[in-house]
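Engineer: The structure is given below, and queries will be raised subsequently.
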Protein chains: 2
Amino acid sequence: MKCRVCKAPAVIDVRRHNANFCQPHFLKLCRDQVGKAIDQFAMLSPGERVLVAVSGGKDSLALWDVLLDLGYETDGLYVGLGIGDYSESSADYARAFAEDRDRRLVEVDLRETHGYDIPTGAKSARRAPCSVCGISKRHVFDRAALDGGYDALATGHNLDDEAAVLFGNVLRWETEYLARQQPVLPARDGFPRKIKPLIRLGERETAAYCILRGIDYEVEECPMAAGNKHLGYKEALNAVETTSPGSKQQFYFGYLERAAALFTACEGESADGIALAPCANCGAPTPGEVCAFCRLAERAARTQAVAAPVRKAAS
Amino acid sequence: MKCRVCKAPAVIDVRRHNANFCQPHFLKLCRDQVGKAIDQFAMLSPGERVLVAVSGGKDSLALWDVLLDLGYETDGLYVGLGIGDYSESSADYARAFAEDRDRRLVEVDLRETHGYDIPTGAKSARRAPCSVCGISKRHVFDRAALDGGYDALATGHNLDDEAAVLFGNVLRWETEYLARQQPVLPARDGFPRKIKPLIRLGERETAAYCILRGIDYEVEECPMAAGNKHLGYKEALNAVETTSPGSKQQFYFGYLERAAALFTACEGESADGIALAPCANCGAPTPGEVCAFCRLAERAARTQAVAAPVRKAAS
């Protein structure tokens, strides 16, 4: 197994590209693919300030590392989700990475700042933890990027993630979500620009990138995500990818090239009629009076306040 | 396990409907679902004459049986594909069914009528057997339906088939195929109306229908289809269906309801520019001078004619 570029012994095969790479050329491939995604979708201009949402996992740390390497001015954002040991060890990986590179890591702890964590929030809202986590992170990400005056917020969604989300969206033909599934969402009143520079890399590649770069990351999957639909979609696509390497890339990029515009055009018409106004509580744009995040935080606070007396009364 | 309708002991569970059924109510369910599909998509009017393409397998024989039961005037069409024992035994099942019900079975043997069979055709064309089989069957189906003056040609594509085809089409975002993936294709110059009345039934249901109705069918899968992509797509969707029953139905009918129109509108514009003219050889409508089927048959004839001398010269 030899490197496609220099014929030195290869350390990894990338079946999607039908090629093997040595360590330096694999790392270069990763950087090039991130640079290509940034250029292809006009995610960033040189010199822009980027806030990278880091979970402590392979994807977000690889992303931060590559963006630093490409010369962008970046800080990290870590959101404390309060998922027991998992959150504590994830935070340590994010902190160690930032300290090592002498970069700022903005930390927002959900419980300290908003009075709940993911396990209690999910219980209060009677929603799946992944759904509550999504609402919470989106809110904190947006606020931190705007407050810090960053030009864009970058997340570590990789090709596997985006393909699985797309699969879920087409399985239910969620035309509204399909219309919004873009590698870049431009800034608009009350929302920062959001970018996904890892879309040209699979999760096997981001893991290999971290290992080869000596980046320690949280290897465990989130314990609350076990058995969720997203992981099932990933498995189904992995089965297809195994027999037809490149299927995920074709699926996701084919969507962007040939189908996304149909959904944005169709949904744009209906979305134009929906006016967004500042949330009465936090000021974030929302179609209602109070945004989904504030409704969630408020419900969690209320449930926790009454939880003890209710339990006593019931026993 | 009790029948949802009459509480008698059930013989089958249909997880998609979250219900169990006794034998009579399961058979009624199957008939009702076929009737509903016919009405919902205006496939047939009462009294119309239908040619049912039968392979000898569970789907097409169940379809023929239900259409007879619903009172449609139907004949069968069997195409001899020349795939060894598989084709011979399939033909026997189709013939036995027709004889039992005293219905006419139109038989077209590919080799007798067009000079090739699927194995030799695939070799000559250097194409996958499933692709050659598709081209061949479409041609024979169209011609037989038109020549016989039938109002429609019915095929036994079930929900699993259509969901898997849709999955393949979205994996590659084949917008042209997506635009045409409809349960009814209206008749147009040189093409008969084509209908798929089984789209509301899964293959587990058509198999159970045949067993409960005492219909003998070819149980073997086509030996030339082993390992093809379509079967891989079915497996991937089956994995999703197992954890989320109803996913396939939601996927396929959600497409028809919310997305298909986007693709037909977009493809309609480009298709309008393509003029079809009669094939110089067989008269079927084609965008070229000679249709894909006649090119295939001609190439197969030429390859077979020269095969022996070429082999001698090479040895």
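Engineer: Answer yes or no as to whether B:Phe263 is open to solvent by less than 50 Å² (accessible area, probe 1.4 Å) and without any contact (Cβ under 8 Å) to a residue 24 or more places away in the chain.
Structural biologist: No: the conditions fail for B:Phe263.
Engineer: If you scan the range A:232-260, which residues turn out to be more than 9 Å from chain B (Cβ to nearest Cβ) and outside any helix (DSSP H, G or I)?
Structural biologist: Of everything in the range A:232-260, those that are more than 9 Å from chain B (Cβ to nearest Cβ) and outside any helix (DSSP H, G or I) turn out to be A:Pro245, A:Gly246.
Engineer: Ok, one more. Scan the range A:182-196 for residues that are under 13 Å from the mean Cα position of the chain (by Cα) and in a loop (DSSP other than H, G, I, E, B) and report the count.
Structural biologist: Going through the range A:182-196 one residue at a time, the tally reaches 3.
Engineer: I would also like to ask the following. Across the range B:158-207, what is the total count of residues that are among the small types (Gly, Ala, Ser) and more than 14 Å from every other protein chain (Cβ to nearest Cβ)?
Structural biologist: Going through the range B:158-207 one residue at a time, the tally reaches 4.
Engineer: Inspect the range A:115-123 for any residue being under 16 Å from the mean Cα position of the chain (by Cα) and either at pLDDT 95 or above or over 25 Å from B:Tyr255 (Cβ atoms) (or both) and give the result as yes or no.
Structural biologist: Scanning the range A:115-123 turns up no residue that is under 16 Å from the mean Cα position of the chain (by Cα) and either at pLDDT 95 or above or over 25 Å from B:Tyr255 (Cβ atoms) (or both).
Engineer: So, one more: Taking the range A:92-114, which residues are closer than 15 Å to A:Asp65 by Cβ and more than 19 Å from the chain's Cα centre (by Cα)?
Structural biologist: Those that are closer than 15 Å to A:Asp65 by Cβ and more than 19 Å from the chain's Cα centre (by Cα): A:Ala96, A:Glu99, A:Asp100, A:Arg101, A:Asp102, A:Arg103.
Engineer: Which residue is farthest from the chain's Cα centre (by Cα), if the candidates are limited to the range A:208-229 and must be within 13 Å of chain B (Cβ to nearest Cβ) and surrounded by fewer than 14 Cβ atoms within 10 Å (Cβ to Cβ)?
Structural biologist: A:Gly227
Engineer: Is it the case that A:Leu105 is open to solvent by 30 Å² or more (accessible area, probe 1.4 Å), under 24 Å from A:Asp161 (Cβ atoms) and of a type in the set (A, V, I, L, M, F, W, C)?
Structural biologist: Yes, satisfied.
Yes/no per residue for (1) surrounded by fewer than 21 Cβ atoms within 10 Å (Cβ to Cβ); (2) touching a helix residue (DSSP H, G or I) at 6+ places or on another chain (Cβ under 7 Å):
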site: B:Asp109; (1), (2): yes, no
site: B:Tyr116; (1), (2): no, yes
site: B:Gly134; (1), (2): yes, no
site: B:Ala154; (1), (2): no, yes
site: B:Asn158; (1), (2): no, yes
site: B:Gly168; (1), (2): yes, yes
site: B:Leu178; (1), (2): no, yes
site: B:Pro183; (1), (2): no, yes
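Engineer: For the range A:302-315, give me the residue count where each residue is open to solvent by less than 90 Å² (accessible area, probe 1.4 Å), more than 10 Å from A:Gly121 (Cβ to Cβ) and modelled with pLDDT of 70 or more.
Structural biologist: The total comes to 1.
Engineer: If you take the residues in the range A:261-284 that are more than 14 Å from chain B (Cβ to nearest Cβ) and at pLDDT below 90, which one is farthest from the chain's Cα centre (by Cα)?
Structural biologist: Looking at residues that are more than 14 Å from chain B (Cβ to nearest Cβ) and at pLDDT below 90, I get A:Gly273.
Engineer: Which members of the range B:261-281 meet the condition of being part of a helix (DSSP H, G or I), out of contact with any helix residue (DSSP H, G or I) (no Cβ under 7 Å at 6 or more places or on another chain) and of a type in the set (A, V, I, L, M, F, W, C)?
Structural biologist: Result: B:Ala261, B:Ala265, B:Ala271.
Engineer: State all residues of the range B:121-132 that are open to solvent by 30 Å² or more (accessible area, probe 1.4 Å) and assigned to a helix (DSSP H, G or I); if no residue qualifies, say none.
Structural biologist: Selection gives B:Lys123, B:Pro129, B:Cys130, B:Ser131.
Engineer: Which residue, of A:Val184, A:Val170, A:Val165, is β-branched (Val, Ile, Thr) and touching a strand residue (DSSP E or B) at 6+ places or on another chain (Cβ under 8 Å)?
Structural biologist: A:Val184
Engineer: Against the definition (surrounded by fewer than 20 Cβ atoms within 10 Å (Cβ to Cβ) and of a type in the set (A, V, I, L, M)), how does A:Ile195 come out, yes or no?
Structural biologist: Criteria not met by A:Ile195.
Engineer: Ok, one more. Hey, can you tell me all the residues within the range B:140-153 that are among the small types (Gly, Ala, Ser) and touching a Ser or Thr at 6+ places or on another chain (Cβ under 8 Å)?
Structural biologist: The answer is none; no residue qualifies.
Engineer: Which numbered condition trips up B:Asp109, out of (1) out of contact with any strand residue (DSSP E or B) (no Cβ under 7 Å at 6 or more places or on another chain); (2) modelled with pLDDT of 95 or more?
Structural biologist: With (1) out of contact with any strand residue (DSSP E or B) (no Cβ under 7 Å at 6 or more places or on another chain); (2) modelled with pLDDT of 95 or more applied to B:Asp109, the lone miss is (1).
The values are calculated or read from the model by the stated rules, or taken from the named source; none is laboratory data. Not measured: the values here are computed from a predicted model. Note that each Cβ is placed from the backbone with ideal geometry, even for glycine, and that neighbours are counted across all protein chains shown. Accessible surface areas use protein heavy atoms only, side chains included; no ligands, DNA or RNA. Shrake-Rupley method; radii C 1.70, N 1.55, O 1.52, S 1.80 Å.
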